[in-house]
Structures are given as structure tokens and as C-alpha cells.
1. Among the residues of the range B:20-34 satisfying the criterion of being under 28 Å from the mean Cα position of the chain (by Cα) and not in a helix (DSSP H, G or I), which is nearest to the other protein chains (Cβ to nearest Cβ)?
2. Of the numbered conditions (1) within 19 Å of the chain's Cα centre (by Cα); (2) crowded, with 23+ Cβ neighbours inside 10 Å; (3) of a type in the set (K, R), C:R219 satisfies every one except a single condition; which is it?
3. Any residue in the range C:217-235 that's touching a residue at least 60 places away in the same chain (Cβ under 8 Å) and among the aliphatic types (A, V, I, L, M): show its pairings with residues that are assigned to a loop (DSSP other than H, G, I, E, B) and buried (at least 23 other Cβ atoms within 10 Å of the Cβ) at Cβ separation under 6 Å, as long as the two are six or more apart or on different chains.
4. Answer with yes or no whether A:G213 is buried (at least 24 other Cβ atoms within 10 Å of the Cβ) and under 11 Å from the mean Cα position of the chain (by Cα).
5. Can you name every residue in the range B:80-90 that is more than 7 Å from every other protein chain (Cβ to nearest Cβ) and of a type in the set (V, I, T)?
6. Could you run through the range C:62-74 and say how many residues are more than 21 Å from D:S71 (Cα to Cα), within 12 Å of chain D (Cβ to nearest Cβ) and of a type in the set (G, A, S)?
7. For the range A:161-182, give me the residue count where each residue is crowded, with 24+ Cβ neighbours inside 10 Å, among the hydrophobic types (A, V, I, L, M, F, W, C) and more than 19 Å from A:R220 (Cα to Cα).
8. Which of the following residues is surrounded by fewer than 19 Cβ atoms within 10 Å (Cβ to Cβ) and more than 12 Å from chain A (Cβ to nearest Cβ): B:E42, B:E77?
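The values are calculated or read from the model by the stated rules, or taken from the named source; none is laboratory data. Just so we're clear, the structure is a prediction, and the values are computed from it rather than from any experiment. Counting neighbours? That spans all protein chains shown, and the Cβs are built from the backbone with ideal geometry, glycine included.
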Number of protein chains: 4
Amino acid sequence: MIDFSCDYNCGCAPEILAALTCANGAQHATYGFDSYSAAAKEKIRAAIGNPGADVYFLVGGTQTNATVLSSILAPWEGVLSAASGHIAVHEAGAVEATGHKVLTLEADAYGKLSPGTIASWLESFFADGTHPHMVRPGAVYLSHPTEYGGLYTAAELRVIRALCDEYGLRLFLDGARLAYVLAARGTDVDLPLLGELCDVFYIGGTKCGALCGEAVVFRRPQPCFFPAHKQRGALLAKGYLLGLQFDALFTDDLYLRLGAQAIDCAMALREGLRARGVSFFPESNSNQQFPVLTAEQLAKLKGRIGFEVWRSFPDGSALVRLCTSWRTTKAEVEAVFAALDS
Amino acid sequence: MIDFSCDYNCGCAPEILAALTCANGAQHATYGFDSYSAAAKEKIRAAIGNPGADVYFLVGGTQTNATVLSSILAPWEGVLSAASGHIAVHEAGAVEATGHKVLTLEADAYGKLSPGTIASWLESFFADGTHPHMVRPGAVYLSHPTEYGGLYTAAELRVIRALCDEYGLRLFLDGARLAYVLAARGTDVDLPLLGELCDVFYIGGTKCGALCGEAVVFRRPQPCFFPAHKQRGALLAKGYLLGLQFDALFTDDLYLRLGAQAIDCAMALREGLRARGVSFFPESNSNQQFPVLTAEQLAKLKGRIGFEVWRSFPDGSALVRLCTSWRTTKAEVEAVFAALDS
Amino acid sequence: MIDFSCDYNCGCAPEILAALTCANGAQHATYGFDSYSAAAKEKIRAAIGNPGADVYFLVGGTQTNATVLSSILAPWEGVLSAASGHIAVHEAGAVEATGHKVLTLEADAYGKLSPGTIASWLESFFADGTHPHMVRPGAVYLSHPTEYGGLYTAAELRVIRALCDEYGLRLFLDGARLAYVLAARGTDVDLPLLGELCDVFYIGGTKCGALCGEAVVFRRPQPCFFPAHKQRGALLAKGYLLGLQFDALFTDDLYLRLGAQAIDCAMALREGLRARGVSFFPESNSNQQFPVLTAEQLAKLKGRIGFEVWRSFPDGSALVRLCTSWRTTKAEVEAVFAALDS
Amino acid sequence: MIDFSCDYNCGCAPEILAALTCANGAQHATYGFDSYSAAAKEKIRAAIGNPGADVYFLVGGTQTNATVLSSILAPWEGVLSAASGHIAVHEAGAVEATGHKVLTLEADAYGKLSPGTIASWLESFFADGTHPHMVRPGAVYLSHPTEYGGLYTAAELRVIRALCDEYGLRLFLDGARLAYVLAARGTDVDLPLLGELCDVFYIGGTKCGALCGEAVVFRRPQPCFFPAHKQRGALLAKGYLLGLQFDALFTDDLYLRLGAQAIDCAMALREGLRARGVSFFPESNSNQQFPVLTAEQLAKLKGRIGFEVWRSFPDGSALVRLCTSWRTTKAEVEAVFAALDS
């Protein structure tokens, strides 16, 4: 079965496996002080265009979200998130376990927090005379792309940054699938922009070609993040394992190329499905596609193509998610069409 | 330079690298529901001789200690540990960050908590009329081997287990270096015994031949550990990465063989140093050796052999730590001697 | 100015002040082991009809909510609450600060969580295959009366109890204004029923005639609550201060009489306002009344009668809250009418 | 029986009871915004001589310690304390429950942390290359007087302050028994000095003449402490209850007079015991006296005088604690002598 059900169910790009193999025989400095990590940090700083950025490598997304947020929030502060945001729904309360409330706002159909929604929430909050008895907003959490494949525009991010400045909030962007965003058609968001606008964001590895790992980028030096991530169990003893992977990902544009492969396949998938009359909800320019398939179509895919059902409808149709990834091939996309046309 | 400074500065056993390479092309069920993890759990249960044991794979030691302890302690409970224990000293307050106090007891010269020390502490605690105002002991934390290479005997562990039963405590054993314990000369502690006596313990991978990973073994089914470790950011999305490694480690006794290699080298190192008149403090049967070297000896090793200085003395001598590991060779041990004899 | 703005802005019932004065010269056992506390606990157990109930006295509401919830939830569990519930909105994240998520459900117009809402939420939660990655519900939090003066019926509470049993949840009822509920017209909820249905609830003192204090009642012995509330800073050194107050409140039905006074005044207020054509949103049988007053009416009250504005409308009218309390007099109610009729 | 067993087992000074009685009939602004609190804060600022100090009123000591510390420490920071300090021993892990480790140092015989001990601990800590893996010290906690009646000198406090400045630590002083310190013979520590040297300290009410309450004084404005203490359940709804008490305590030097009464009695007690050949361990200038009584003396006191036994010796003698308080009379002290002489 060809599996489009998620983008974190396979290993890593061949370049990374080769580097791992090559490094396996040697001894490396521990806790992120190895030469691979140093090189990877340098390459990431260069890609962002900010030589003063501080970079740390963590293992996974939930760990990263909770560790970063707990390090940038005061105890009485919470984080604004889309109600459908990963930290609000699918992290088993990891942020709350560090003592912070996730303050949820309604997202749009694409899972995005609109600047207007944030602005009016903040305005209402501070207009409410009882707000000192409420959880003070300390940060905005965005995922880019969102859980529904939504992409922020540069203009939207600039307005959100301005709101953060106005109200004294930090801006944190979850880039678990960032490779696919950077390669998306028509996006005007790139790494330098994120490095400029976000107090902290991360470049996802786990879902974007690495075995595992997320590169956390702080706009300014953040030396206290060392004990902070050690304390949360997020400091890998063999830090070279993560540094090596990001070193490979940021060599010869591998990260961008892996993202482009997934997006090319996702766009081909979208075109082919559209040509077969399929509608999408929502439309997505990311590697995640959300077609609504008829009962008949679902039956044809069954057992041949793996996907996730997100919502079932009374007539037997369903909203499903098909994920491409850096390792998806055009042939696999064609296999979807073949199944539907059979 | 031949580096004996620690046992987590290199990659993994060739068998594991081969398995990783082999699995890289395929898609695997996520979050530990893959076939490798299932096989590894089965093999571990068999090695322990407890078909009802519940096994989870986590990434690293600090993460494992904090995640396990916070899942088995009530909010008002703390954990008893040697004052020199890893959770008490070198985890940046990870246990406290989950809300629990580490209650420290003086260890012996080998870093061990003697049953007598535990017994008299517990007796004193409950004899103190103010104890309801104090942190109630909820678990005993042992590391085996200890930070100083100390090994518990089966008899000691049985007494500690009995104390836990008497006072309603859970017994948790940190086996980050367990491979080296299982292979130690003269030990009567094996996996079935740990599975019988500990409420929960872990089988270290990071320091014992894996790239990373610790196998947490609960004596009884512990379904709530799934959300518990997800919440602490300790659930790896690509769980197969860990399952695969433990599957390899528990195939054809690889784990025991890797341990034996380290111990053989450590014993050879000890013999050779002894033959050169070196004393040890403390004596260790584990892969960590703690010789006291003279200023002259230190000078000879400098630049040729890597090691950690644990304490410097006024006369220029020092207590140092030399770690062997699964990948140490007899030739490397000979190189130490050659340096000393030069 | 006659102040109806809240029910916790004055001292205590004369009987309590007399008792405090009387006890002031003597020495009392500390930490709740005094004779007043013992007597108060006995009287509360008798009022509930459960000799096995365990009673603790805490100082205030937010402290009680966070302390109780953190003592009955597993780390990975959250608490279901109305989105408008006090713990969800106005406690500055006290529950989250103990590591637990408040899972919010939409309440009805009275601020009540309907059994149907809870049931369908639970059904959906467990039907969602990804729920092990979500915060597991561990308890239901109800406030009775709600923030909007809503009262649960015995039948509703029984259904919610049955849901808790079905899904393994604990039921916790916040009775900060319980005196006013017990005296409400037409209610069929009394102390024995709460003692039967709730795993734990509290009998509010602060808002119901005491200087301060909340009596927490566990259905079953809960010895661990002693260290639990000590740890949260919620154990009063001079416990007799709280015991004495509840001893007085549960002597000669003082608690019920104080509640009845507030309700009598609230009902008189409601009738008088109704007679003047005022509508309420929502209708309330509690001591909190929520009339919608016209701009003209608001102007007439201004400077004479204190109240809280909850929502202002474009035409100058407003939804306001008028609170009666145990010390409100009929003359004060008449003063509202006089102001409106002036 | 005349009870010298502790200093928090009775009510409040008559002046406070009178003020409470007087205020009982009126309505007061809530949450500390009442006129009593405003007046009390003004008087405390004047007593300290720092018009910019920020003052908050909390209910009890454990609550205050945990709330203050959690508001001034970063997540990865701990607090230095004497191993015998209240936060380290008798607060059921309240500080750890907020996520912070209590880093314990050996105190001297008086329970004091010597500046030298602090200095050498800090020097060793930062000299240890592994310190980024350890809990970083963020504050120093002193209790004045200590658990053993020890008093810091102005010179000692100045050195500790200098150490805090040198290492970037905050200085927090627990003044639960501060009235007794201010009145101690020969002390050169007064309120202005504490206000100058401590980032934050508190003026104890519970043990020093109030029903309950501690006045927390920050050297500089600390607006975030409002949500911080609300979040920890430490904001009293009827804040006037605390403000009123401190208003009374800081009117006409009541606080100092209450302290002096206790100290006069303690000194008389000490002299009388000394005259009877009793030795003390340690010597104390505070309201707590620690005589070592013979078996015969203990027998004579039994049933007549209440006290706490801190340590029993094989020969039947014991180290006991006798506490005087603001309400102790010379006649009560004489009663001790009469019992011993009987």
C-alpha cells in the first residue's frame, strides 16, 4: 500500500543516512558542542541572514513547543493559539504541564489566526477591567503551515509582529513542516523573514527529511535556553546526531529541495483530483491536501492508498487528508489516480 | 586522541546502523505502534521473563527519569536518591520542574544508597511528628551502576524492595549503563531480577550501543504512561527508530555482548593500571574506572588519551575517570599503558 | 452608597465576630487540630448525613479550586468546565499553574453545563482515535450557582454523576455561594445530595457570612489532602480561625438563615424590578440578579446604588449584576426602587 | 496549662480585634484595593523609608514563600537555603511544587547561612564545568530569625547582598517572626536596612500579633506580582482583612511594641533558666529559647508548661523549645520558674 497518511512515517533523506553512516565510527563532543552542530548552526544563521541568531537542536515537536514556550513565558502568562492549534489539541497538555494556559482563539477555515482576530482579542482583554484576574497573554503561537495546510503571508506576519510589539508579546512560530512552506507556490515567506519577525521559531526536521530533530532559532542570544532545555529533558547527549542532520539539510539546499519534491507531488495530486471533479476543504498549497471524496472514491482507494479520514458525512463521503512528503514520487501520485480511475 | 572521557560520544553498533539503513526506505506505523517496537517489546519481556511487563521507548536519560518519576509520584510525594545521584545533581532540576522534591541521602563511597541508610531515614521520617508538613517519600531512585561505578547486589536490592513494600514506596532503577552492569564480574543482578524487584526500571541504549534510546520497563501494565510521556514531550513521532534499535540490541544477545566488550576492556585497564601501582577510588567493576594518577602520569597521558578529571590534589595528582564502552578495543587500552610507560 | 456590586465586600455575621472575640484570649491547637475545627467538621458531617466524609478548611475560592483539583487529577488529566466557569476565566490560570488543562465546554445561558453537553463531549472524545494524544478528562467542575446564577437540579446532578461513573471521572462542585443555593426558591438540591453525588465539593464561607474560608468536603477519607494542601500554601497555621467560623455557621442553622436572607432580598429585588418592567438575562433564582436597565434607569441609580456593569449596549442600556448577600436588608432593596422611581 | 509551645496558637492583639470589629459593619473595596490596605502600605513604606517599595498582603508563610520565589525565579533557577530552612524542610515541597529546586547549604549552629558558606558554594558552582547541567542559583533565601533563633547582623546581610549582586541573585528574607528580631537585644538590623538590602522580604503578621497575614515588600515596583499571587491562590478576596491588620500593626509602633513584649519575656526566661544552671543550645536572642532540661526538670514542667521537645538524649534530658510571643506575660515566665523550683 502506498501511504499518504502522514509525513513522519519513514526514515531520512539518503544524504543524511550517508552522513550518519560516515560519522558512526568517530567520537564526537557531547551535548551539542560537536563540529557538526557548529557547522549546522552557522549554515542556519547564514540562511536566515542573522549572524546573531541562537540555534538549538531538539528532538521532536511537542518537546520543542513546550520547552520553548516555558522558557519565554512568565509564570502568569499564557500563549495565544488557534483553537485547532497543535499545542491546544494534540500535545496531551504539554504546555499546561509546564504551568501555562493555552488561550484559544477561533481560527479561520485554514486554521490560521487572522491578525484581526488577535487584535480584537487583545483589545477586549485589556479593556476588561477584571483582566488582572485572568491569564495574561505572553506570546502568540502560530503554526506555519497550520494543521489545515494554511499559509501565512508576509503581510499577515508583519501585522502580527506589530501587534506583539504593541502589547509586549513574543512571537513563536512552529515550523514542524517548514520545508513544505518554503517551497509552496506563491508564498512570500522565507527564512530571513521568519528570522526577522519571530522571537523564536523552529525549522522542522522530523517531517521534512530528517530522522528526527527540530532546529530552534532565537532572534537574539538566549544562553539560558541551555539549562532550560536540559531541564525539560530536551538536550540530547549525542547532540551530533541532530547537528549532523541539519548540517546535511542545509548543505546544497537539501532542505529546500526536499520541500519542493513534496510540494510538486502535492500540487500534482491536487490537479489530478480537481480534474476528477474533487473539491477540497480547505484548499491547501501545502503538502497536506484535504479532498472530499465520495463513497465510491473511498472504496476504490481502500487497501491501495493510505490516508486519514478527518470527517465522515452521512452520504458516505468523507473529508480526508493526503500527505505528500520529501520522499513521495510522481509515480505514487499517479497510483492514486489509477486507483480512482479503476 | 583515544577518548576515554565518556561512553556517549560515538554512534551505534554496526548491527543497529545496518538495521536503520535497511529500514530507511520503508514506511512505518507512528508513535511506537510499528512492528520493530512490537518485536523489541516482546524480546525484552522474554529477557525479563515477565510477559505482563509494559515497555516504552524514550529518547534519553534525563527525559526518562523525569517522565517516569512524575508519572508514578503523587503531587505531594518526593523521591529518595543518593545525594550524588544523577537526578539530584546533573539534570538541571528536571524532577523538580515536574513539581517533585528529590530527597537526598548520603551515599557510600561507591555512590550506592545502602539499605540501612534508606531504612533509618524512613524510620526517622515517620517517627518525626511533623512529617505531614514534609515531603512524603513516594519512590526510591537507584542508579545501577551508580555515578561512581557502584553495583548493587541482589541481596541489597531485595532488602530495598522489602523496604519499599513496607513503606508503600515504588522502586525505580536508572539503568542508563545497564549493559555494563549485566556483564560485570561477579554480579548476581540480571534482567529477570530487575523485572521482579523494580516497579519500573530502564535499559539504557544511549550509552550502551544505540544511537539513542532508553527502554522503560514497568512490572505491570501502565496504560496511562502513554499520555504521560506524550505530555512530557517524550513520545517520539517515529517510534520505529527506537524500537528498531532495541530490537537489534535484544537479538542474538547483542546487548550483553556489547556490555561484555566494555567490561573486558575496563578490567584489562584496571589490571594494567594496578600493575603500574595505580590506586583506585573507588574500586569499580563497571565500565567506569576511577584511578588516582600522579602528576607525571597525567602529563604522559595528556594529548594522547582523553579522560575526565574529577578531583585535583595539591601535589598535582588527580582522581580521573576513564570510561570504556561497547566500542572500546583492547588496542586502545594498550595505548593507555604505552603512554604511561613512555 | 448602597453597594450591590458583590457579595464579598463586607465582614462577617455577628455570631462569627462574637465567637472570634470570645476565642481571642485563648490558645488553640494549630493546623486545624483545634476543638473548633473538630466541632465544625462534626456538624458538617451531620448536615450532609455522611459520617465518613472528610472535611478540610481552606481560606479562599481560587486556592480551593486549584488545590482540590491538583490533588484529584493525574498529571495527564484535565478538568471539564463551562467556558464561563470561574476556573476557566477568572483565576489567573491557577489550575494550569498546577499542570492541568481546563477543558472548556459551552455552557447554556445560565452558565450551566448541561448533562447532554458533557455526554456528547465525552462520547466524541473517546470516539476520536487520536485521543491518547489529547488531555484526558479526569474530573467535571461545576459551580453551583454558576457565574450567571444558574442552579442545577437534582436530576441534572444525578445524570452528571452517572456520566462521571461511566467514564471514570471525579465530580467536583464549587459551592463558593452555596448558602444562596440552598435557600433558593424551588431548588431540590441540598447538602446531603451534594455529599452523596460529589466526590468533593465545598461550602463557601467567604461570600456567605464568614470573614473568609471554604469548607472542602470529600465523600470518602482523603488523608493525603493534608500534605496536598500544605504544599499549596493552603493550610492555615491558625486553623481555629476557620474552624470557629464554620462551627458558628453550622450552629442553629446560621448558614441557612444567612442564605435565606440574601435570597429573600434577591427575590424582592427581582419582583420589584419586574414590576417596573425590567427584564432579566438570564433569569436567576440566586442572590445574583442580572437585570437589563435602560440608560435612564442607569442614570437614576448612579451614585446611589453600587452594581457591576456586565455588558453595555449601543442604546445606552446595560446588563448589570446586582448581588444581595447575607447582610442585605429589605430597606436596601427598597432604596433601589426609590432610586428608580425618583 | 501555660503554653510556650509555639507563637501562632492564639488570636490577635486587642487593637486589631477592635479594628476588625469596627470595620465589620461596612463595605470595603475588594482584592486589596480598600482604604485600609492603602493606609497600611503607606505606613510600611514610611517605616522602611522607601516610597517606591511595592507592598502586598498574603495570608500565611508557606504560601508567601512559594508565591514570592516562583515569581522571582526563572524556570531553570533554584533558591539557596540553609538545609534547616523552613522552605527546605517544613513546607511539604511547596517551592518544588512550583518547579524550583531548593539548593541546600549547611547552616551554622544558629541555623544561619554564613556569607562565607554562600560565597564558597557559588565559587565552586561556577568553577564546575558541568554547571550548565545543574540547577542555576537564582536567589538566596534567609529566615531572620532562623528556625533556631539565629539573627543576622547588618554586616552579614551586606556581604550576602554583595554576593547576590556579584552573581546575579535576588535576596529574599523570610520575616515570619520579624517583630521579634526588630526588638532583639543588640541587633543592628532594622526595617530600613531590610528594605535597602533585600529584593523582597516579608513582615510576619501571623506569628507577631495578627490573626493572620504577611506583608510582602518588594524594593522596586512589581506589578506582575498581582497576577502572580492571584494565580497561586494567594490573593484574598476580602483584602481589607489583611490591610486592616497591618494598618493597626504599623500604627503607634504596635508592631515594635508587640515584639518587645515577647523579647522582654524571652530574655527574662533565659536569665531565670540560666540562674538555675540551664544551658542553651544554641543561645538565642530571639523569642525562641532552646534550653537543655534535665529529666527532673522536664518532669516538673510536665502538665504545667507547654513546650516542644526537639531532641531527647539517652540520660532523659532533652533539648526543648520555649516560645514567647507578643501575648506572653512576665507572670507566665514566672510560672515556669515556679514549676522548676517546686
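1. B:T30
2. (2)
3. Between residues of the range C:217-235 that are touching a residue at least 60 places away in the same chain (Cβ under 8 Å) and among the aliphatic types (A, V, I, L, M) and residues that are assigned to a loop (DSSP other than H, G, I, E, B) and buried (at least 23 other Cβ atoms within 10 Å of the Cβ), the close pairs are C:A228/B:W76.
4. In short, no.
5. B:I87, the sole residue that qualifies.
6. Initially, the range C:62-74 is screened for residues more than 21 Å from D:S71 (Cα to Cα), giving C:68-69, C:71-74.
Then drop every residue that is not within 12 Å of chain D (Cβ to nearest Cβ), which leaves C:68-69, C:71.
If we keep only those that are of a type in the set (G, A, S) as well, we get C:71.
Number satisfying all stated conditions: 1.
7. Qualifying residue count for the region: 4.
8. It is B:E42.
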